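These notes concern the structure reproduced below.
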Amino acid sequence: MTRRPVVAAAAAAVVISPVLLAGCTEKGSSEGAIAVTSTADACDLATTEATTGNVDFAITNSGDKVTEFYVYGNNNRVLGEVENIGPGLSGNLTVEIVEPGTYTVACKPGMVGTGIRTELNVGGERKEKADVPADVTAAKAQYLEYVRNQLNTLHAQTTSFVDSVKKGDLDAARAQFGLTRTPYERIEPVAESFPDLDPAIDMRWDDTEDGTQPFTGFHRLERFLWPPQPAEIGDAAGQITPSDAANAKATDNPQAIAEIADGLLANVTRLRDSVSKPDFEFETLSFVKGPQALIDEVAATKVDGEEDRYSHTDLWDIAANLDGSETAIATMQPIISAKNPALMDKITAQFTTARDSVNRYRNGDGYVSYIEVTPEQRKELSTQIDALSATLSQVPGIVLQQ
């Protein structure tokens with residue numbers, strides 16, 4: 001899921017604990033945890049003081065919208081998160097904080113906007129990071145090589161796509177759109193660790209707080225290339241809201257779009273260069289949870305046609321999320337197979353089922369418009385995705401088991 005940027009004040013390093021994983025439950029939570037209550041207009045912590053070591057959070061959504069909870073570290077990096085906490089539900093998160101300092105946490109009711117932020121003051125002495133198994137570290141290094149290759153491809157394809165947009169060759173740009181986005185969709189867990197770049201590149205209209213925040217990135221260009229049509233405007237899932245359509249009519253002109261295109265390429269370049277740095281760190285828990293996170297992206301924003309609501313190129317994104325998830329699992333396959341071969345066999349079979357379903361909609365080198373996929377077919381795909389997500393939820397515990 002794309003995110004709006006949040007300004008963090010943290011100046012120290014955080015490492016996600018590889019032992020205690022984030023999750024959502026119907027009732028609240030961890031003994032000794034900092035209780036967090038999220039409502040429509042508040043993010044209340046029982047205490048804003050903590051000590052270095054494992055810091056537990058028990059988040060309760062007392063509002064009427066789905067919420068998220070984040071922990072931010074140095075350079076505004078997302079270092080821990082719990083997403084999709086429904087009204088009345090709870091989520092737990094543990095982060096290992098090894099440096100004393102001031103950190104930022106945020107609740108995001110409605111999963112949009114900059115979030116409701118609170119500072120967390122962490123005292124105590126500096127501690128050593130918890131050990132991560134050597135085979136997991138090696139798998140993560142292999143995965144990051146894949147990510148860097150994908151970002152090189154993303155940069156090259158975005159350069160060509162932006163050139164087509166700015167030259168006014170809109171037919172070429174439309175033909176390039178799905179393919180250009182594919183590398184980004186494959187590596188979203190890494191991109192989402194940059195809370196300024198991810199929304200700038202991949203935000204949707206929903207993330208603009210109904211137009212009060214700038215609308216940038218791929219989907220702003222998508223809207224220009226496929227202007228909202230009267231039959232597509234409405235408030236149902238996958239439709240274009242009236243305010244979105246009105247904003248498109250008022251602001252989507254060649255001059256403004258050229259600036260958006262330049263901004264997209266600049267942000268893709270920044271993302272590529274940031275991840276390419278030798279000292280780039282990707283949190284281990286984010287890595288082992290990545291395969292499920294990518295599949296949950298399909299369930300949250302793609303099966304209903306919400307992601308590419310103007311172009312209906314959602315099948316490109318779904319296929320790319322499957323690609324990225326399966327590749328991440330491939331780097332961990334020796335670990336999973338050694339510890340739980342039956343689980344690895346089940347994961348492989350479920351990937352095959354989901355992949356076969358998506359491949360039914362191949363059209364030449366691409367995919368048919370998502371509007372050609374019937375509600376019944378979408379339901380079938382959704383069921384397969386949900387089953388795969390449930391199985392992948394077991395991966396972090398298996399992989400990080402000492």
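Computed from the coordinates by the stated procedures, all read-outs in this text should not be read as laboratory data. Just so you know, these numbers come straight off a predicted model, no measurement behind them. When we count neighbours, we look across all protein chains shown, and the Cβ atoms used for this are built from the backbone with ideal geometry, even at glycine.
Taking the chain as a Gaussian network, where each spring joins two C-alpha atoms under 10 Å apart, which residue of GLY263, GLY364, GLY211 fluctuates the most?
Looking only at GLY263, GLY364, GLY211, the largest GNM fluctuation is found for GLY364.
Tell me, what ³J(HN,Hα) does each residue in the range 314-323 have, in order and in whole Hz, if you take phi through Karplus 6.51 cos²θ - 1.76 cosθ + 1.60 with θ = phi - 60° and put x for Gly and Pro?
Ordered by residue, 3J(HN,Hα) equals 4, 5, 4, 5, 4, 4, 5, 4, 4, 4 Hz.
Relative to the first principal axis of the alpha-carbon coordinates of the chain, what is the inclination of helix 134-167, with its axis defined by its Cα atoms, in degrees from 0 to 90 and to the nearest 10?
Around 30 degrees separate the two axes.
Tell me, GLU145, GLU232, GLU81 in order of fewest to most beta-carbon neighbours within 10 Å?
Details: GLU145 10, GLU232 16, GLU81 25.
Ascending Cβ contact count within 10 Å gives the list GLU145, GLU232, GLU81.
For ARG362 and LEU170, what does the FRET efficiency come to when R0 = 35 Å and r is the distance between their Cβ atoms, rounded to the nearest 0.05?
FRET efficiency, ARG362 to LEU170: 0.90.
So if each residue of separation counts as 0.36 nm, and I subtract the Cα-Cα distance between SER243 and ALA330, what length gain in nm does that give? List each step's numbers first, then the result.
Details: separation 87, 0.36 × 87 = 31.32 nm, distance 4.29 nm.
Computed gain between SER243 and ALA330 is 27.0 nm.
What's log10 of I(q)/I(0) for the chain at q = 0.11, 0.13 Å⁻¹, Debye sum over Cα points only, no solvent?
-0.81, -1.16
Could you tell me the calculated FRET efficiency between THR47 and GLN402, based on Cβ-Cβ distance and R0 = 45 angstrom, to the nearest 0.05?
Details: r = 31 Å, r/R0 = 0.69.
After rounding, the FRET efficiency stands at 0.90.
Mind giving me the nanometre distance, one decimal, between the label points for GLU376 and LYS129, set 7 Å out from Cα along Cα→Cβ?
Each label point is offset 7 Å from its Cα along the Cβ direction, giving 5.2 nm.
Restricting to Cα pairs below 8 Å that are 6+ residues apart, what does the relative contact order work out to for the range 134-399? Please round to a whole percent. Each step should come with its number before you reach the end.
Numbers: 308 pairs, mean separation 61.0, N = 266.
RCO, the range 134-399: 23 percent.
Which distance in Å, rounded to a whole number, links the C-alpha centroids of the range 297-362 and the range 196-223?
What the calculation gives is 25 Å, centre to centre.
So for each of 292-303, 243-254, 171-182 I average, over its residues, the number of other beta carbons within 10 Å; can you give me the resulting order with the highest mean first?
On the way: 292-303: 23.2, 243-254: 15.1, 171-182: 19.2.
Descending mean neighbour count gives 292-303, 171-182, 243-254.
What's the extension gain from GLN142 to ALA266 if we count 0.36 nm per residue and subtract their Cα-Cα distance?
On the way: separation 124, 0.36 × 124 = 44.64 nm, distance 2.66 nm.
Here the segment from GLN142 to ALA266 would lengthen by 42.0 nm.
Taking the simple approach of a point 7 Å from Cα along Cα-to-Cβ for both THR352 and THR383, what is their distance in nm?
Output for this residue pair reads 2.0 nm.
Work out how far the C-alpha atoms of the range 71-215 reach from end to end along every principal axis, then list the three figures in whole Å, largest first.
Ordered largest first, the range 71-215 gives principal extents of 59, 41, 27 Å.
Taking the chain as the reference, fit the longest principal axis to its C-alpha atoms, fit the long axis of helix 341-359 to the helix C-alpha atoms, and give the angle between the two in degrees, 0 to 90, nearest 10.
Its long axis makes an angle of about 20 degrees.
Would you calculate the separation in nanometres between label points at ASN152 and PHE280, each defined as 7 Å from the Cα along the Cα-to-beta-carbon direction?
1.2 nm
Can you list residues whose amide H is under 5 Å from GLU96's amide H, if they're 5+ apart or on another chain and H is modeled 1.01 Å from N?
Counting only residues 5 or more places away or on other chains, the set is VAL15, ILE16, SER17, VAL55.
So what's the back-of-envelope 222 nm ellipticity for the chain, counting only DSSP H runs of four-plus at -39500 (n - 2.57) apiece and dividing by all residues, rounded to 500?
Counting only the DSSP helices, I get -15000 deg cm²/dmol.
Using only Cα atoms, tell me the angle between helix 375-392 and the longest principal axis of the chain; keep it within 0 to 90° and round to the nearest 10.
The answer is roughly 30 degrees.
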